[in-house]
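Asker: Supplied in structure tokens, the structure appears directly below.
Only the coordinates and a few stated rules stand behind these numbers; no lab work does. These numbers come from a predicted model, not from an experiment. Reconstructed Cβ throughout: ideal geometry from the backbone, glycine too, with neighbour counts over all protein chains shown.
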Amino acid sequence: MALIIDGKKISQNIKDELKEEVARLKEQGTNCCLAVIQVGDDPASSVYVRNKKRACEYIGIESKSFELPETTTEEELLKLIDDLNNDDSVNGILCQLPLPKHIDEDKVIKGISPKKDVDGFHPQNVGALVIGEKGFVSCTPAGIIQLLKRSNIEIDGKNCVVIGRSNIVGKPMSLLMLRENATVTVCHSHTKNLKEITKQADILIVAIGKPKFVTEDFVKDGAVVIDVGIHRMENKKLCGDVDYDKVVDKVSAITPVPGGVGPMTIAMLMHNCVEATKMF
């Protein structure tokens with residue numbers, strides 16, 4: 001019987017720990033504040049932003065909200081970010097992606113001070129991860145490490161296969177697993193013999209962006225499967241990159257969709273915001 005890794009429960013535990021920590025910081029006269037910027041009114045982005053604000057409220061982090069029109073220029077956005085970089089009352093800055101097409105996301109990511117980059121996307125923080133120095137880590141991969149550790153799943157010495165090489169999940173995920181002493185293989189759209197490689201994995205992390213792509217013939221018996229994907233099917237139900245029903249009986253542990261990796265991303269964003277507060 002597979003362990004169903006409960007991301008809702010684990011993320012709630014993390015938020016409760018952070019709530020206590022924020023209360024202690026407030027007693028010492030230190031306030032924690034996250035600035036959230038959204039450009040345009042993309043419905044999915046609005047849901048994410050609302051969830052982030054709720055998490056801030058629960059933990060006791062002040063959130064400053066900047067909801068800008070779709071017509072905002074790149075120059076105006078970069079000026080706002082520069083102002084927030086120089087505002088000592090703001091500890092973390094989050095600019096919700098995707099941005100409208102006329103704004104260069106790369107410039108915006110680089111515009112946020114690495115000390116306030118709670119998303120962990122700035123090249124300086126990514127570089128720190130590569131060489132093992134302290135910095136902010138991208139929230140989804142950091143959340144997956146917490147899911148594994150808090151579920152008592154051994155990482156040290158295990159074969160880990162990551163499907164996907166995005167800057168937000170795949171690449172940082174592989175580096176974090178290396179940091180935990182796993183032996184890591186990264187697969188992507190050009191990988192030959194994908195199933196042969198994934199069947200070697202003790203821990204299989206799937207971030208490929210294709211609904212129900214991974215079926216039982218990708219997975220070895222007793223593997224741990226972490227599903228990063230989330231898709232809405234025609235019947236309105238959510239599913240991941242893994243065909244959960246076909247895989248669940250073959251594995252030792254698996255994350256469901258929804259309720260697995262998703263809640264951890266916001267929990268780790270809150271964690272990064274509290275860490276940023278302690279750095280000042």
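Asker: For Ile230, Ile61, Ile109, what's the fewest-to-most ordering of other Cβ within 10 Å of each Cβ?
Answerer: Neighbour counts put them in this order, fewest first: Ile230, Ile109, Ile61.
Asker: Below 22 Å, Cα to Cα, which lysines can Lys9 reach? Residues fewer than 8 away in the same chain don't count.
Answerer: Lys19, Lys52, Lys53, Lys149, Lys237
Asker: If the elastic network links every pair of Cα atoms under 10 Å, which of Gly164, Gly40, Gly262 fluctuates the most in the Gaussian network model of the chain?
Answerer: Evaluated over the chain, the most mobile residue of the options is Gly40.
Asker: With the chain treated as a Gaussian network of Cα nodes joined by springs under 10 Å, which of Asp245, Asp16, Asp227 yields the largest mean-square fluctuation?
Answerer: Comparing Asp245, Asp16, Asp227 in the GNM, the peak value goes to Asp245.
Asker: Next up: Would you kindly derive the ³J(HN,Hα) couplings of the range 256-264 from the backbone phi angles with the Karplus curve 6.51 cos²θ - 1.76 cosθ + 1.60 (θ = phi - 60°), listing them in order in whole Hz, with x for Gly and Pro?
Answerer: Residue by residue, the range 256-264 yields x, 10, x, x, x, 5, x, x, 6 Hz.
Asker: Taking the Cα centre of each part, how many Å lie between the range 147-165 and the range 1-77?
Answerer: The range 147-165 and the range 1-77 have Cα centres separated by 26 Å.
Asker: Which value, in debye to the nearest 20, describes the size of the charge dipole of the range 29-113 about its Cα centre when Lys and Arg Cβ atoms bear +1, Asp and Glu Cβ atoms bear -1, and nothing else is charged? Mind showing how you got there, number by number?
Answerer: Values: 9 positive and 16 negative charges, 80 e Å.
Rounded to the nearest 20 debye, it is 380 debye.
Asker: Under 20 Å Cα to Cα from Lys79, which lysines show up? Leave out anything in the same chain fewer than 8 places away.
Answerer: Within reach: Lys64, Lys101, Lys107, Lys110, Lys115, Lys116.
Asker: Additional query: For the range 29-113, just list the percent of Cα-Cα distances falling in each 10 Å bin from zero outward, please.
Answerer: Cα pair-distance distribution for the range 29-113, in percent: 17, 51, 29, 3, 0.
Asker: Pop out the ³J(HN,Hα) list for the range 54-61 in order, Karplus 6.51 cos²θ - 1.76 cosθ + 1.60 with θ = phi - 60°, rounded to Hz; leave Gly and Pro as x.
Answerer: Per residue, the Karplus-derived 3J(HN,Hα) values read 4, 4, 4, 4, 5, 7, x, 8 Hz.
Asker: Report, in deg cm²/dmol and to the nearest 500, the calculated mean residue ellipticity at 222 nm for the chain, where each DSSP H run with n ≥ 4 adds -39500 (n - 2.57) and the sum is divided by the residue count.
Answerer: When only DSSP H runs of four or more count, the value is -12500 deg cm²/dmol.
Asker: In whole Hz, what ³J(HN,Hα) sequence does the range 134-146 give by Karplus (6.51, -1.76, 1.60; θ = phi - 60°), x for Gly and Pro?
Answerer: With coefficients 6.51, -1.76 and 1.60, one gets 6, x, 7, 9, 3, 5, 5, x, 4, x, 5, 4, 5 Hz.
Asker: So what's the angle, to the nearest 10 degrees on a 0 to 90 scale, between helix 74-85 and the longest Cα principal axis of the chain?
Answerer: Roughly 80 degrees, rounded to the nearest 10.
Asker: Ranking Val137, Val47, Val126 by Cβ neighbours within 10 Å, fewest first, what do you get? Numbers along the way, then the final one.
Answerer: Values: Val137 25, Val47 10, Val126 21.
Arranged by neighbour count, lowest to highest, Val137, Val47, Val126 become Val47, Val126, Val137.
Asker: Using +1 at the C-beta of Lys and Arg and -1 at the C-beta of Asp and Glu, which of Leu78, Leu25, Ile144 has the Cα lying farthest in the positive direction of the dipole of the chain?
Answerer: Farthest along the dipole direction, towards plus: Ile144.
Asker: What ranking do Phe213, Phe121 get, fewest neighbouring Cβ atoms within 10 angstrom at the top?
Answerer: In increasing order of surrounding Cβ atoms, one gets Phe213, Phe121.
Asker: What is the diffusion coefficient of the range 89-244 in µm²/s, taking the Kirkwood radius over Cα pairs and the Stokes-Einstein relation at 4 °C with a viscosity of 1.567 mPa s?
Answerer: Calculated translational D: 77 µm²/s.
Asker: Kindly express, to the nearest 10 degrees and within the range 0 to 90, the angle between helix 170-179's C-alpha long axis and the longest C-alpha principal axis of the chain.
Answerer: Computed tilt is about 80 degrees.
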